[in-house]
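Visitor: I'd like to ask some things about the structure below.
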Amino acid sequence: MTLFRLDKEFEKFERDFSFDNFDTTDDNEWKDESSERLMEPGWENRYEYEASLVQSIRASNPHISSILELGSGPGVLSQKVLTYDDDVEYDLVDKPYAKEYFDKHKFKGRFFVKDLSNDFDTKGLKEKYDFVIMNDFLEHIFNPSIIVKKVHELTNKESVVLVSNPNWRMNHQFIYRGLFDYDNFLYFMYAHKFKAMTLNGSILKTKYYPKRDSETLLPDDKIQDWNHYITFKHRI
């Protein structure tokens, strides 16, 4: 018995896997190549789409006046969100290399340098946030449970949490692969006191593969979406 559902999947994992794919300590590794990649048309379109989702959520929740984005990178999404309306407090958290890019481009918002790989030091942040964004983030860290617990502490019953949950069909390099199967992830968040509210798909699409038994709750028209953008409500 393997840790994976399919022998072919396990074989591909053995062939392709490398810890070099994970940014754990080297802050310079990402700087040059990824900074350029952020400006490519595909990424630009994706950020525009994600910013429109954020704006739609804000429009449905007019009480939102503070946003926290974890694993924000240098803040490209935040700047697109703030073009809609800059009358909102926007805090970002990521590593030093990202802050360098943020500062160099004179981006708006407050940037906090913290290592989110295993833990989350919330010192200096607001006590509570109306809106927390975790976009392209949880699948890359070693202790998502601790992070989500801290997010629960930073939110209240009126807060909204937006998570981009990656579809396994895009052949992503996950740390905990099965955790992000759709049903499993909803359960993971529910166990951490967050109830799923809405689901949006992605402008990027994957190849078609049938549903797994851990995707029974995933709508059929979302099977090929690159990411699943899910909003959650804090529950007591």
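Quick note: the coordinates plus some simple rules give every number you see, no bench work behind them. Because the structure is predicted, anything quoted here is derived from the model rather than measured. Counting neighbours? That spans all protein chains shown, and the Cβs are built from the backbone with ideal geometry, glycine included.
Visitor: Sequence-distant or interchain residues sharing an amide H contact under 5 Å with Val132, placed H: which?
Guide: Leu68, Val160, Val161, Leu162
Visitor: Any chance you could run the full-extension gain for Glu127 through Glu48? It's 0.36 nm times the residue separation minus the Cα-Cα distance, nm to one decimal.
Guide: Difference between extended and current length: 25.5 nm.
Visitor: A further question follows. About the Cα centre of the stretch 74-152, how large is the charge dipole given +1 on each Lys and Arg Cβ and -1 on each Asp and Glu Cβ? Please answer in debye to the nearest 20. Provide the component values of the computation, followed by the final result.
Guide: Values: 13 positive and 15 negative charges, 35 e Å.
The dipole of the stretch 74-152 has a size of about 180 debye.
Visitor: Taking H placed 1.01 Å from N in the peptide plane, check which residues at least 5 places from Phe112 or on another chain put their amide H under 5 Å from its amide H.
Guide: Leu92, Val93, Asp94
Visitor: Further, regarding this structure: From the backbone phi of the stretch 117-128, what are the Karplus-calculated ³J(HN,Hα) couplings (6.51 cos²θ - 1.76 cosθ + 1.60, θ = phi - 60°) in whole Hz, Gly and Pro given as x?
Guide: Residue by residue, the stretch 117-128 yields 4, 10, 9, 8, 7, 8, 4, x, 7, 5, 5, 9 Hz.
Visitor: Further question: Just rank Trp43, Trp168, fewest to most, by other beta-carbon atoms within 10 angstrom. Let's see the in-between values first.
Guide: Working: Trp43 14, Trp168 19.
Sorted ascending by nearby Cβ count, the order is Trp43, Trp168.
Visitor: Given labels modelled 7 Å from the Cα in the Cβ direction, how far is it in nm from Phe142 to Lys104?
Guide: Between Phe142 and Lys104, the label points sit 2.8 nm apart.
Visitor: In which sequence would Tyr229, Tyr190 go, from the one with the fewest C-beta neighbours within 10 Å to the one with the most?
Guide: Working: Tyr229 20, Tyr190 13.
By the 10 Å Cβ count, ascending, the order reads Tyr190, Tyr229.
Visitor: Run the simple label-point estimate for Val88 and Ser56 please: 7 Å along Cα→C-beta, distance reported in nm.
Guide: 1.4 nm
Visitor: Moving on. Quote to one decimal, in nm, the extra length available between Val113 and Glu153 on full extension: 0.36 nm per residue of separation minus the C-alpha distance between them. Walk me through the numbers before you get to the answer.
Guide: Values: separation 40, 0.36 × 40 = 14.40 nm, distance 1.94 nm.
The span from Val113 to Glu153 would gain 12.5 nm if fully extended.
Visitor: Just subtract the alpha-carbon distance of Lys195 and Lys233 from 0.36 nm times their residue separation and send over the number in nm, one decimal. Spell out each step's value before the answer.
Guide: Working: separation 38, 0.36 × 38 = 13.68 nm, distance 0.52 nm.
Result for the pair: 13.2 nm of gain on full extension.
Visitor: While we're here: Separation of the stretch 127-165 and the stretch 170-236 by C-alpha centroid, Å?
Guide: First find each Cα centre; the distance between them is then 15 Å.
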